1. Do any strands (runs of 3 or more DSSP E) entirely within region 29-88 hold 1 or more residues that are assigned by TED's automatic domain parsing to the domain that holds E214 and hydroxyl-bearing (S, T, Y), and if so, which?
2. Select from region 234-270 the residues that are over 20 Å from V328 (Cα atoms), open to solvent by 80 Å² or more (accessible area, probe 1.4 Å) and modelled with pLDDT of 85 or more and list them in ascending order.
3. State all residues of region 271-296 that are of a type in the set (V, I, T), open to solvent by 40 Å² or more (accessible area, probe 1.4 Å) and touching a helix residue (DSSP H, G or I) at 6+ places or on another chain (Cβ under 7 Å); if no residue qualifies, say none.
4. For I213, indicate whether it is within 16 Å of ligand 2 (Cβ to nearest atom), in a strand (DSSP E or B) and touching a Gly at 6+ places or on another chain (Cβ under 6 Å).
5. Within the bounds of region 201-221, is there any residue that is acidic (D, E), touching a Pro at 6+ places or on another chain (Cβ under 8 Å) and open to solvent by 30 Å² or more (accessible area, probe 1.4 Å)?
6. Looking at region 14-61, which of its residues are under 11 Å from G216 (Cβ atoms), away from ligand 2 (no atom under 13 Å from the Cβ) and open to solvent by 40 Å² or more (accessible area, probe 1.4 Å)?
7. Report the residue count in region 129-155 for those that are open to solvent by 40 Å² or more (accessible area, probe 1.4 Å), part of a helix (DSSP H, G or I) and farther than 11 Å from Y99 by Cα.
8. From the list I206, I196, I185, which one is without any contact (Cβ under 8 Å) to a residue 60 or more places away in the chain and of a type in the set (A, V, I, L, M)?
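The values are calculated or read from the model by the stated rules, or taken from the named source; none is laboratory data. Keep in mind it's a predicted model, so treat the numbers as computed, not measured. When we count neighbours, we look across all protein chains shown, and the Cβ atoms used for this are built from the backbone with ideal geometry, even at glycine. With ligands, DNA and RNA removed, areas are computed over all heavy atoms of the protein, side chains included. Shrake-Rupley method; radii C 1.70, N 1.55, O 1.52, S 1.80 Å.
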Amino acid sequence: MIELTHISKVYDGPNKVTALKDISLSIKEGEIFGVIGQSGAGKSTLIRCINMLERPTSGSVLVDGVEMTKLDGNALREQRKNIGMIFQHFNLLSSRTVYENVAFPLELQGMSKDEIRQRILPILDIVKLSDRLDNYPSQLSGGQKQRVGIARALASNPKVLLCDEATSALDPQTTKSILELLKDINEKLKLTIVLITHEMQVIKEICDRVAVIEGGIIIEEGPVLDVFTAPKEKTTREFVGSIISHKLPEEAWRHLNVQKEWHDGLCPLIRLNFTGDVTDEPIVAGMIRRFGLDVSILFGGVDYIQDTSFGHLIIVLNGSRESAEQAVAYLEGLPIKSEVIGYVAANH
Ligand SMILES: Nc1ncnc2c1ncn2[C@@H]1O[C@H](COP(=O)(O)OP(=O)(O)OP(=O)(O)O)[C@@H](O)[C@H]1O
Ligand SMILES: [Mg+2]
């Protein structure tokens, strides 16, 4: 649905800023694609290059088969009907009511009052604002304002919805309800959604795939579950770590006195990462039974991404070196990710 090929963006001026460097991304029809990055990474520039609010300095932008960089004037306005957008600060017109805000883009297109009414009443129903049509933005909560923003973006029946930090000004509970609404319209209206955020929680809640942007470069990309369970880059690990800790707390780590080499009397300290059905299997019980080991669980947790469970455990295999070696080999043969992270004294 959206193909970005070798996109670069340089902001000219006294201080030249290269905001995007050679970005290529392919976003499929009907998916929710997230782009995460820290402040200044280039997220807004990237999303604004999709609908030509910013023109890329070089590269190609295809939306629904149309080369956006070649359009301007009427042709661009026409194609933009296919691409709705919502913003962090909602960008509503304060002198217009909820109804009038949502009607505004259709009025600009010259649609008749009746047509507008027919078009937007069902949308206002979807975003649950039917009882607020005559309110002004100042009479609404942040979450309600964003619902108006979403309704306005949907008014021209777009195929794509771009969300620039759409929940960053909202509290966690309201964020959740807006994300649920976005998921709902993605499913009901088969809308392709691109959202940018600096919050990993947002990615975790609703995205199918995610790209991590840093310094104008996509440093990592993949299905959300893969990126969460096996982040490759340092920045990605920090984002994942911001909501899921895969690490022993610092204090526990010091207390353990972890060694790099397997000396006599030490036992392996192992991190297990597991995804999906495996999570329910009695891996630890299996090791105790098979190898006669005493397994201590030091740290762990299970989390869910869109109904798939994934978890991690940090364990010590207490027992003879021979049994522990067999158990490590056994773990390597299982469909889970295991890693010996060091060696510690027995019986932790
Ligand atoms: N209109 C502009 N003129 C010049 N430089 C700009 C312009 N817009 C953005 N930049 C610069 O481009 C870089 C990327 O900015 P961008 O707004 O895309 O980042 P962002 O990831 O959206 O950040 P934030 O999370 O703070 O919104 C920054 O260095 C920024 O200063
Ligand atoms: Mg931004």
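1. Numbers: elements: 32-36, 58-63, 83-87.
In region 29-88, 58-63 are the strands (runs of 3 or more DSSP E) which contain 1 or more residues that are assigned by TED's automatic domain parsing to the domain that holds E214 and hydroxyl-bearing (S, T, Y).
2. K234, R237, E238, N257
3. Of region 271-296, the ones of a type in the set (V, I, T) are 275, 278-279, 283-284, 288, 295.
Now restrict to residues that are open to solvent by 40 Å² or more (accessible area, probe 1.4 Å): 275, 288.
Of everything in region 271-296, just one residue is of a type in the set (V, I, T), open to solvent by 40 Å² or more (accessible area, probe 1.4 Å) and touching a helix residue (DSSP H, G or I) at 6+ places or on another chain (Cβ under 7 Å), namely T275.
4. Working: within 16 Å of ligand 2 (Cβ to nearest atom): yes; in a strand (DSSP E or B): yes; touching a Gly at 6+ places or on another chain (Cβ under 6 Å): yes.
Here the answer is yes, as I213 does meet what is asked.
5. The first filter runs over region 201-221 and keeps only residues acidic (D, E), leaving 205, 208, 214, 220-221.
Cutting the leftovers down to touching a Pro at 6+ places or on another chain (Cβ under 8 Å) gives us 208, 220.
Those left that are additionally open to solvent by 30 Å² or more (accessible area, probe 1.4 Å): 208.
For region 201-221, residues acidic (D, E), touching a Pro at 6+ places or on another chain (Cβ under 8 Å) and open to solvent by 30 Å² or more (accessible area, probe 1.4 Å): present.
6. Within region 14-61, the subset under 11 Å from G216 (Cβ atoms) is 17-23, 37, 40-43, 45-46.
Those still in the list that are away from ligand 2 (no atom under 13 Å from the Cβ) too: 17-18, 21-23.
Matches in region 14-61: V17, T18, K21, D22.
7. Counting residues in region 129-155 that are open to solvent by 40 Å² or more (accessible area, probe 1.4 Å), part of a helix (DSSP H, G or I) and farther than 11 Å from Y99 by Cα gives 4.
8. I185
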